[in-house]
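Heads up: the structure comes next, in structure tokens.
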């Protein structure tokens, strides 16, 4: 379809990631198959009907439906210049607190990971607070083990940023690479970076072996990094910088899951002396 080719060309021209390209193409193709119309014939009611179908009939969560809506908006409003979204409000996002592990749970996961590469991956995610996609893409040239710093190249928002390397992690990286031939990617396999899916499996397996009664994914280690820094008194704006958040509001989510901060609050009942 000629219009979808225009969509693909516009996404590539703007330098969007392959993941975004695949998602936008997928959601627009699904929508057109549902409404059985040409893009030029699509109306606001068609969009509402499809989004309602995703939420009510398919049981999709607001975040997934919002991604579909963003995909459709980009195609029809940005590419085809069709203003059919003025009456469409995105579904309200769920306000879920991020999963945070305590330090004993982190230690249990590390003990459960017997494979040296797997253990190092878990350590790296927790010690740096990187997104899993950023972590698996780290190259050795991005790490300064002496200075204890690393650089994320073209992270979210196409921005470079620095992150911290703990002295413990730096030492463990040196030990891991000892007697190994030079590698391009720290977490590589046959000269290529491991996939995000592989990293998620590694983390999930370690959490399962450790017996953690939580749904643990790579992002839980990032959340734990941020929360533990907050609990140790690190300035929240510095944490924002390390996490690569464009908005402080995103970082402030971790103030709501800090158990150490909550423990410092005294209930008014305790002041009654009863």
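Every number in this text was worked out from the coordinates using simple rules, so none of it is lab data. Since the model is a prediction, treat every value here as computed from it, not as a measurement. No Cβ is skipped: glycine too gets one built from the backbone with ideal geometry, and neighbour counts run over all protein chains shown.
General remarks:
- Each peptide in 66-75, 22-31, 239-248 receives the mean, over its residues, of other Cβ atoms within 10 Å, and ordering these scores from highest gives 66-75, 22-31, 239-248.
- FRET efficiency, residue 37 to residue 85 (Cβ-Cβ, R0 22 Å, nearest 0.05): 0.85
- Relative contact order of region 103-261, defined on C-alpha pairs under 8 angstrom at six or more residues apart (%): 27
- Rounded D (µm²/s) - region 103-261, Kirkwood Rh over Cα pairs, Stokes-Einstein at 25 °C, 0.890 mPa s: 152
- GNM top mover of 20, 255, 86 - the chain, alpha-carbon springs below 10 Å: 86
- Length gained when the stretch residue 18-residue 153 is fully extended (0.36 nm per residue, less Cα-Cα span): 47.0 nm
- Region 93-151: Cα Rg divided by the 2.2 N^0.38 Å rule of thumb: 1.33
- Percentage of interatomic Cα-Cα distances in region 117-207 larger than 17 Å: 45
- Cα pair distances of region 2-79 binned at 10 Å [whole percent]: 18, 55, 25, 2
- In the set (i) 0.98; (ii) 1.04; (iii) 0.94, the label that goes with Rg/Rh (Cα atoms, Kirkwood Rh) computed for this structure is (ii).
- Extension gain, residue 250 back to residue 178 (0.36 nm per residue minus Cα-Cα distance, nm): 22.0 nm
- Fully extended contour minus Cα-Cα distance, from residue 197 to residue 78, at 0.36 nm per residue: 39.7 nm
- Look at the alpha carbon pairs under 8 Å that are at least 6 residues apart: their mean separation over the length of the chain gives a relative contact order of 17 percent.
- Calculated mean residue ellipticity, 222 nm, the chain: -14500 deg cm²/dmol, from DSSP H runs (n ≥ 4) at -39500 (n - 2.57) each, averaged per residue and rounded to 500.
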